[in-house]
Amino acid sequence: MYFLTFIFLSLVIFLLIPYQIPKNSSYSLVVYTQNGNLLGAKVANDGQWRLPHSYTKATKYHKCLIAFEDKNFYSHLGIDFKAIGRASILLAKNRKIKSGASTITMQMVRMHLKLDSRSMYGKIKQILYAINAEIWLSKSEILAQYCTYAPYGGNVVGIDAASWRYFNKNISELTWAESALLAVLPNRPSQLHPRKADKKLIAKRNLLLKTLFHKNIITAQEYKLSVQEELTRCNQKNSNLYSHVVEKTAKDFPQGGKIILNINDWLQESCVNILNRHKNQLWANGIKNAGILIMDIKSQKVLTYIGNHTPSAGMYFQNYVDMINAPRSTGSLLKPLLFAFYLNEGLLLNQALVEDYPIYYGNYSPKNYELEYDGAISFKKALAKSLNVPFVKLLHLYGIERFHQNLQKMGMNTLNFPASHYGLSLILGGAEGSLWEMLSIYANMAKNTYYNSLENEVFAQKPNLYFNIKPNLISKNQLESIILSRESTYQTLEAMALLTRGEEEMGWQFFKQSSKISWKTGTSFGNKDAWAMGITPCHAVGIWIGNSDGEGKSELTGLNTASPILFEVFKLLKCETSGNEFVITDSAWVCAKSGYQKNENCEKVLKKAVCKKGLDSPLCPYCRKIFFDPSGKFRATKNCFPNEALLDKSVFVLPPTMSYYFEKKNLMSSHEPSLHSKCRSNFASETDFELVYPIHKAKIFIPKALDGIKSKVVFQASSRDKNAILYWYIDQKFIAQTSIHHQIEISPGYGEHILSINNSQGKEKIITFEILERNKKEKF
């Protein structure tokens, strides 16, 4: 009696314990677009094709399953006594099993607990857990669990995986014939396989369809058509078109499951068609790889993700490398950011003149792409023409460490080394960035410009690849980071949309669009990477062209390879808005000649819109008042002409080297007027010439030609006086005299030397320099 009481109480306690649904270690990853198109999939970590099943309403499959496996599913409590009785009668009559008695609930328990239901102990345990499951789980939950764990042949587990693997369909899209076939499959998964389409499988399917007809679940017409339906092999997508975005999704969601992307499959395929149209030209120039990333500005949704498209598939071209997330040399892509920092902090106005002439920082001497110099050029034109020298000079003044920190705060996480590692080459591609990061930064600038985001959220949102999944936000510490004002990003994008382009970016006019595009190209050192970034109020487009293995090609430039593709992509994109109307409210009187805020000596001034902090920017340093002799031709002082009235004029004067290059390309005078001969003794200490190269304490390596003879080095000076004659001395030995173009070619010996230059008035400049031998150059 006590024993029976104990058993009864134990059973009651057991049934009162909630049924525990096992947590699956992982699911297969299946990636879809918003419109339900399948992009790709990956098996679960255990090698199984398994997807979670969410039961919302009965589909054709669910009706087939219940009719075949457990017709009393909705009326029993885990055990179907009618089925047990029927199975027992058939067993006694035929002396072998003709019908099973396991309910869907019992089968679910067996799969959950991996029970051996053929043993008495296993069967009792299965029955008890089935009753427990019925108490604690709804019928929908039980059905969902069965559909998740049921075997469907090979490594396919669960109805959702089977529906996709065998028919490339969602479960809701299955026909009656396909639903019936999958319903009978778990009965003998190892013997019946839908891809074999054998007679046994067809017979079991048709028998179930007949049952459905007799139960009035399907009509006579549906039954007739279903039994005649042939089984077809599904041709699953396995192309390079979406492979990289599927791989990225797998990294972001290691637990697997059904993931829906924001990808626009029509746009993605259209972009691939554009790349295919360019492949012959790219291939002919030895260029094998390309990546395209497109984002919606307002929502930050990723609309196209082409990680690596090649002219022909194969590992030979390393098309397995996802170039959207691969760190590559940025070329000139960081120039607009330095431009925006200067405007944002009020350091310069966008039209202010910046220096553009050869400069030297030790052994580092940046060059413009065209190897030409303007002397002085407006800040925004320097950006539009992507000039190297002005931006290296500006980075030097701004501070490498400061720029480096700001880039990291904006989301450039590929800067893994300290600022000193990159040096001034940081602005010209000395650092690496990914297409994902760079386009995200550009898109956030556009979002700030066109949609006036809250300032503390301008750079908070990252690209949003996944539908209905909230994108990641940067940390609170990062939110306290640099914030670019709307005015600064607006003027930056305006400068990027200028029609004036340099030789590096000639040809842009053949790609004019109906809407204004702010765009920037970039070419890495050694022509290993070609970039093109484009911004409209609606979209951000990023293009990378190159070779995954880093092989450089002479034709691999942003203009030649990336920008034509950029503008073709923009032809696919419709922009119905220009963003929020934005007008800069702050303005300042600006010198018409220098672009700086006017000083009292600027004769012609213009009222220009400026960033708020631009109101504190420097005043014009180049316009000043000078006294002239009575003829108005020469500079003079009262000491020179004590008895005559002098004329005072406002004059635009650039430093000698700036003026030398400026006047080569401009008709406007920028040099200081010549001093009257009567006054020269009063200006004995005035410096009216400069040494351009070498700089003081320069270390110079002069390579040898093929014949073994050491080459020559060019020294250069500039003078305000166009008629000046300069006399050159090395180690107190006269070398040459120059006029107009002050350049000499020499080949000094190894070691330290003293260079001195004198003019006709006896003024002198002295510097030291050192000529390095090869072994010293390598150590330097």
Checklist outcome for this item: Subset of the range 535-584, residues touching a residue at least 60 places away in the same chain (Cβ under 8 Å) and aliphatic (A, V, I, L, M), comes to 535, 540, 541, 543, 545, 556, 565, 569, 572, 573, 584
Checklist entry - What is the one condition in (1) open to solvent by 10 Å² or more (accessible area, probe 1.4 Å); (2) assigned to a helix (DSSP H, G or I) that residue 516 does not satisfy? => result (2)
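If a residue has to be of a type outside the set (S, T, N, Q) and out of contact with any helix residue (DSSP H, G or I) (no Cβ under 7 Å at 6 or more places or on another chain) to count, how many in the range 278-293 make the cut?
We begin by selecting, within the range 278-293, every residue of a type outside the set (S, T, N, Q); these are 278-279, 282-284, 286-288, 290-293.
Cutting the leftovers down to out of contact with any helix residue (DSSP H, G or I) (no Cβ under 7 Å at 6 or more places or on another chain) gives us 279, 283-284, 286.
Within the range 278-293, residues that are of a type outside the set (S, T, N, Q) and out of contact with any helix residue (DSSP H, G or I) (no Cβ under 7 Å at 6 or more places or on another chain) number 4.
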Checklist entry - What pairs can you find where one residue is in the range 409-438 and touching a residue at least 40 places away in the same chain (Cβ under 8 Å) and closer than 18 Å to residue 394 by Cα, the other is open to solvent by less than 40 Å² (accessible area, probe 1.4 Å) and in a loop (DSSP other than H, G, I, E, B), and their Cβ atoms are less than 6 Å apart, with a gap of 6+ or different chains? => result 427/334; 429/330; 429/331; 429/524; 431/415
Checklist entry - Only one of these conditions is not met by residue 529: (1) among the acidic types (Asp, Glu); (2) buried (at least 18 other Cβ atoms within 10 Å of the Cβ); (3) under 25 Å from residue 490 (Cα atoms). Which number is it? => result (3)
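For the condition of a type in the set (D, E, K, R), open to solvent by 20 Å² or more (accessible area, probe 1.4 Å), free of Cβ contacts under 8 Å to residues at least 60 places away in the same chain and under 30 Å from residue 699 (Cβ atoms), what is the one hit in 370, 401?
Details: 370 fails: free of Cβ contacts under 8 Å to residues at least 60 places away in the same chain.
Result: 401 is the single residue among 370, 401 that is of a type in the set (D, E, K, R), open to solvent by 20 Å² or more (accessible area, probe 1.4 Å), free of Cβ contacts under 8 Å to residues at least 60 places away in the same chain and under 30 Å from residue 699 (Cβ atoms).
Matching residues to (1) crowded, with 17+ Cβ neighbours inside 10 Å; (2) closer than 18 Å to residue 106 by Cβ; (3) in contact with a strand residue (DSSP E or B) (Cβ under 8 Å, 6 or more places away or on another chain):
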{"position": "136", "(1), (2), (3)": "no, yes, no"}
{"position": "146", "(1), (2), (3)": "yes, yes, no"}
{"position": "149", "(1), (2), (3)": "yes, yes, yes"}
{"position": "165", "(1), (2), (3)": "yes, no, yes"}
{"position": "170", "(1), (2), (3)": "no, no, no"}
{"position": "174", "(1), (2), (3)": "yes, no, no"}
{"position": "181", "(1), (2), (3)": "yes, no, no"}
Next on the checklist: It is to be established whether one or more residues within the range 515-529 are modelled with pLDDT under 90 and closer than 24 Å to residue 576 by Cβ.
Outcome noted: yes
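Would you pick out the residues in the range 415-425 that are within 17 Å of residue 338 (Cβ to Cβ) and out of contact with any helix residue (DSSP H, G or I) (no Cβ under 6 Å at 6 or more places or on another chain)? Explain how you work it out, then say what you get.
Start the filter on the range 415-425 by keeping residues that are within 17 Å of residue 338 (Cβ to Cβ), which leaves 415, 419, 422-425.
Once the filter is applied, which keeps residues that are within 17 Å of residue 338 (Cβ to Cβ) and out of contact with any helix residue (DSSP H, G or I) (no Cβ under 6 Å at 6 or more places or on another chain), the range 415-425 yields 422, 423, 425.
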Next on the checklist: Return the pair list, or none, for Cβ contacts closer than 8 Å from residues in the range 34-47 that are closer than 19 Å to residue 464 by Cβ to residues that are open to solvent by less than 30 Å² (accessible area, probe 1.4 Å) and part of a strand (DSSP E or B), at least 6 apart or on different chains.
Outcome noted: 34/261; 39/31; 39/32; 39/261
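Counting only residues that are small (Gly, Ala, Ser) and within 19 Å of residue 531 (Cβ to Cβ), which one in the range 269-313 is farthest from the chain's Cα centre (by Cα)?
Residues of the range 269-313 that are small (Gly, Ala, Ser), as a first pass: 270, 284, 286, 290-291, 299, 307, 312-313.
Now drop any that are not within 19 Å of residue 531 (Cβ to Cβ), which leaves 286, 290-291, 307.
Numbers: 286: 24, 290: 13, 291: 10, 307: 10 Å.
In this case the residue turns out to be 286.
Could you go through the range 321-344 and let me know if any residue there is in a strand (DSSP E or B) and under 25 Å from the mean Cα position of the chain (by Cα).
If we filter the range 321-344 for residues that are in a strand (DSSP E or B), which is where we start, we get 328-329.
Among the residues that remain, those that are also under 25 Å from the mean Cα position of the chain (by Cα) are: 328-329.
For the range 321-344, residues in a strand (DSSP E or B) and under 25 Å from the mean Cα position of the chain (by Cα): present.
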Checklist outcome for this item: Here the residues within the range 714-745 that are open to solvent by less than 60 Å² (accessible area, probe 1.4 Å), at pLDDT below 85 and either over 19 Å from residue 375 (Cβ atoms) or of a type outside the set (Ser, Thr, Tyr) (or both) are 720, 721, 724
Item to check | Criterion violated by residue 421 - all others in (1) more than 26 Å from residue 290 (Cβ to Cβ); (2) crowded, with 17+ Cβ neighbours inside 10 Å satisfied | outcome: (2)
Checklist entry - Where in the range 570-640 are there strands (runs of 3 or more DSSP E), lying fully within it, with 2 or more residues that are in contact with a Cys (Cβ under 9 Å, 6 or more places away or on another chain) and within 21 Å of residue 670 (Cβ to Cβ)? => result 587-591, 605-609
Next on the checklist: Tell me yes or no: at least one residue of the range 605-628 is β-branched (Val, Ile, Thr), open to solvent by 40 Å² or more (accessible area, probe 1.4 Å), farther than 30 Å from residue 547 by Cα and touching a residue at least 12 places away in the same chain (Cβ under 8 Å).
Outcome noted: yes
Checklist outcome for this item: (1) modelled with pLDDT of 90 or more; (2) open to solvent by less than 30 Å² (accessible area, probe 1.4 Å) all hold for residue 68 apart from (2)
Next on the checklist: I'm trying to understand the selection: among the residues of the range 112-131, which are over 55 Å from the mean Cα position of the chain (by Cα) and part of a helix (DSSP H, G or I)?
Outcome noted: 120, 121, 122, 123, 124, 125, 127, 128
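Tell me the residue from 308, 276, 280 that is of a type in the set (S, T, N, Q) and outside any helix (DSSP H, G or I), please. Before the answer, list the steps.
Working: 276 fails: outside any helix (DSSP H, G or I); 280 fails: outside any helix (DSSP H, G or I).
Result: 308 is the single residue among 308, 276, 280 that is of a type in the set (S, T, N, Q) and outside any helix (DSSP H, G or I).
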Checklist entry - Under 6 Å by Cβ, and 6 or more places apart or on different chains, what pairs join a residue from the range 723-739 that is under 20 Å from residue 769 (Cβ atoms) with one that is among the small types (Gly, Ala, Ser)? => result 726/717; 728/736; 729/756
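The values are calculated or read from the model by the stated rules, or taken from the named source; none is laboratory data. Keep in mind that this is a model prediction, so the values were computed, not measured. Every residue, glycine as well, gets a Cβ built from its backbone with ideal geometry; the counts of neighbours run over all protein chains shown. Heavy atoms of the whole protein, side chains included, go into the accessibility calculation; ligands, DNA and RNA do not. Shrake-Rupley method; radii C 1.70, N 1.55, O 1.52, S 1.80 Å.
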